[in-house]
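*Asks:* Right, I'll just put the structure down here and ask away after.
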Amino acid sequence: MEKKVVLWSSYTCQLCTDLKLFFEEHQITYENQDMKKDDSLRDIIEAKYGIRKAPVVEVGDDVVIGGGQWSEENWKQLKELLNLSEAVK
């Protein structure tokens, strides 16, 4: 069973754009929650994860929190959750 992927993003966030392109390149279906268009979404991720900044990616019951930055460790964790090999960029 495929895990549900949710990207908590902002349309002004370059990291979020990079993540969207990554999902599209790897044909990963995802739901985009744009917090810039609906500020109440920030309240939801703050309640869930204690952060109000994009990007945040939920994969099933797991989460990768960027919160204004996205490191190699974030990419590694995301790829593992999506069952993609480390060789994938």
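Read-outs: derived from the displayed coordinates by stated rules, not from any lab. Quick caveat: nothing in here was measured; it's all calculated off a predicted structure. As a convention, Cβ positions derive from the backbone with ideal geometry for all residues, glycine included, and neighbour counts pool all protein chains shown.
*Asks:* Report, by residue number, each residue of region 12-42 that is under 13 Å from the mean Cα position of the chain (by Cα) and over 20 Å from Leu84 (Cβ atoms).
*Replies:* Listed by number, the residues that qualify are Cys13, Gln14, Gln33, Asp34, Met35.
*Asks:* Which pairs do you get when a residue that is on the phi > 0 side of the Ramachandran plot, found in region 35-57, comes within reach of a residue that is assigned to a loop (DSSP other than H, G, I, E, B) and exposed (fewer than 14 other Cβ atoms within 10 Å of the Cβ), reach meaning Cβ atoms under 7 angstrom, with the pair 6+ apart or on two chains?
*Replies:* none
*Asks:* Anything in region 45-60 that is in a loop (DSSP other than H, G, I, E, B) and under 19 Å from Cys13 (Cβ atoms)? List them, or say none. First the steps, then the outcome.
*Replies:* So the first thing to find is which residues in region 45-60 are in a loop (DSSP other than H, G, I, E, B), and the list is 50-55, 60.
Within region 45-60, Gly50, Ile51, Arg52, Lys53, Ala54, Pro55 qualify.
*Asks:* Okay, next question. Quick one: in region 35-89, of everything that is more than 16 Å from Phe23 (Cα to Cα) and basic (Lys, Arg), which residue is surrounded by the fewest Cβ atoms within 10 Å (Cβ to Cβ)?
*Replies:* Taking the candidates together, the pick is Lys37.
*Asks:* Could you check region 61-85 and list, in sequence order, the residues that are in a helix (DSSP H, G or I) and more than 19 Å from Cys13 (Cβ to Cβ)?
*Replies:* Residues of region 61-85 in a helix (DSSP H, G or I): 72-81.
Within region 61-85, Lys76, Lys79, Glu80, Leu81 qualify.
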